[in-house]
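The values are calculated or read from the model by the stated rules, or taken from the named source; none is laboratory data. This structure is a prediction, so every number in the text was calculated from the model and none was measured. Here the Cβ positions follow ideal geometry from the backbone for every residue, glycine too, while neighbour counts run over all protein chains shown. Heads up: the accessible areas ignore ligands, DNA and RNA and are worked out on the full protein's heavy atoms, side chains in. Shrake-Rupley method; radii C 1.70, N 1.55, O 1.52, S 1.80 Å.
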Amino acid sequence: MVKFGKVKLFSFLFPFLSVLIIFALMGVYPAGSRTILTVDLYHQYMPFIYELRAKILEHRSLFYSWNSGLGNEYYAVFANYCASPLNLLSLLFPYKALPVFVAFVTALRAGLASLFMAMFLSHIDSRKYDLITVSFGIAYALSGWFLTDFWNIMWCDAYVLLPLISLGLLKLLTEGKYLLYVASLAIAIMSNYYSGYMLCIFLTFFSVVMYFAFMP
């Protein structure tokens, strides 16, 4: 049996490094001259992150923007596209390196999704944390959901947090502990209200399954 800490680290590092290696093989900067910015990620989402970073660093209002026409309300744009806590990491990247930030945070999300899914699966399997558990966590992290939607960055926190929310729901039902469930679901809803709403619909049905599966 591999030690718990090493297996947990592996469940994060394997998808995280796999995504970075794939980007490098595709010639994504700094390994090449390409970026992962495509379709709306290039035309819409990336400019919103540019502006969010500028607003934070220059202490400008999150409620209004002068970058479009004679100005427009900004908070709705922030709430739908930029509210992910991971976007704060953009402050660590220079302005011209923000496409690198998007590639990095995409790989980071894959690693976190794998880790959280492995934690959930471990909890429902007598808290075993072995390579089989990790393999299913990695499979979730690199699933079609991630591969088809990674460029819709405002929806990706739902994919990352769903296993953690499910773990919190299980703890709520079986142990009466609500903190993880409330905190993780609140972050998901605040990160993007649309994907958060979809998670709530899923949890309505999943809670029934969890009740009959795990309640004594």
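When region 159-216 is filtered for residues that are surrounded by 14 or more Cβ atoms within 10 Å (Cβ to Cβ) and of a type in the set (K, R), only K171 remains.
Would you check which residues across region 41-63 are open to solvent by 50 Å² or more (accessible area, probe 1.4 Å) and either touching a His at 6+ places or on another chain (Cβ under 9 Å) or among the acidic types (D, E) (or both) and list them?
The initial filter retains those residues of region 41-63 that are open to solvent by 50 Å² or more (accessible area, probe 1.4 Å), namely 42-44, 47, 50, 56-63.
Across region 41-63, the qualifying residue is only E58.
Do any helices (runs of 4 or more DSSP H) entirely within region 75-173 hold 2 or more residues that are more than 18 Å from V7 (Cβ to Cβ) and of a type in the set (F, W, Y), and if so, which? Break it down stepwise before answering.
Numbers: elements: 98-124, 131-141, 144-149.
It comes to 98-124, 144-149.
Going by what's in this entry, would S135 be described as open to solvent by 40 Å² or more (accessible area, probe 1.4 Å) and within 21 Å of the chain's Cα centre (by Cα)? Spell out how you get there, then give the answer.
Working: open to solvent by 40 Å² or more (accessible area, probe 1.4 Å): yes; within 21 Å of the chain's Cα centre (by Cα): yes.
It is true that S135 is open to solvent by 40 Å² or more (accessible area, probe 1.4 Å) and within 21 Å of the chain's Cα centre (by Cα).
Got a sec? Which of A113, A183, A213 is in contact with a helix residue (DSSP H, G or I) (Cβ under 6 Å, 6 or more places away or on another chain) and small (G, A, S)?
Details: A183 fails: in contact with a helix residue (DSSP H, G or I) (Cβ under 6 Å, 6 or more places away or on another chain); A213 fails: in contact with a helix residue (DSSP H, G or I) (Cβ under 6 Å, 6 or more places away or on another chain).
After applying the criteria, what remains is A113.
Of all residues in region 110-129, none satisfies being of a type in the set (G, A, S) and touching a strand residue (DSSP E or B) at 6+ places or on another chain (Cβ under 6 Å).
Within region 121-129, does at least one residue satisfy the condition of being among the charged types (D, E, K, R) and either open to solvent by less than 40 Å² (accessible area, probe 1.4 Å) or over 25 Å from V209 (Cα atoms) (or both)? Let's see the steps before the verdict.
Step one: list which residues in region 121-129 are among the charged types (D, E, K, R), which gives 125, 127-128.
If we keep only those that are either open to solvent by less than 40 Å² (accessible area, probe 1.4 Å) or over 25 Å from V209 (Cα atoms) (or both) too, we end up with none.
No.
Applying the condition of being without any contact (Cβ under 8 Å) to a residue 24 or more places away in the chain, in contact with a Gly (Cβ under 8 Å, 6 or more places away or on another chain) and not small (G, A, S) to region 8-39 and asking which residue is least open to solvent (accessible area, probe 1.4 Å) yields M26. Scanning region 120-140 for residues that are among the small types (G, A, S) and touching a Ser or Thr at 6+ places or on another chain (Cβ under 7 Å), which turns out nearest to E175 (Cα to Cα)? Filtering first and then ranking leaves S122. Across region 134-159, the qualifying residues are those that are among the hydroxyl-bearing types (S, T, Y) and without any contact (Cβ under 8 Å) to a residue 40 or more places away in the chain, and the one among them that is farthest from H43 (Cα to Cα) is S135.
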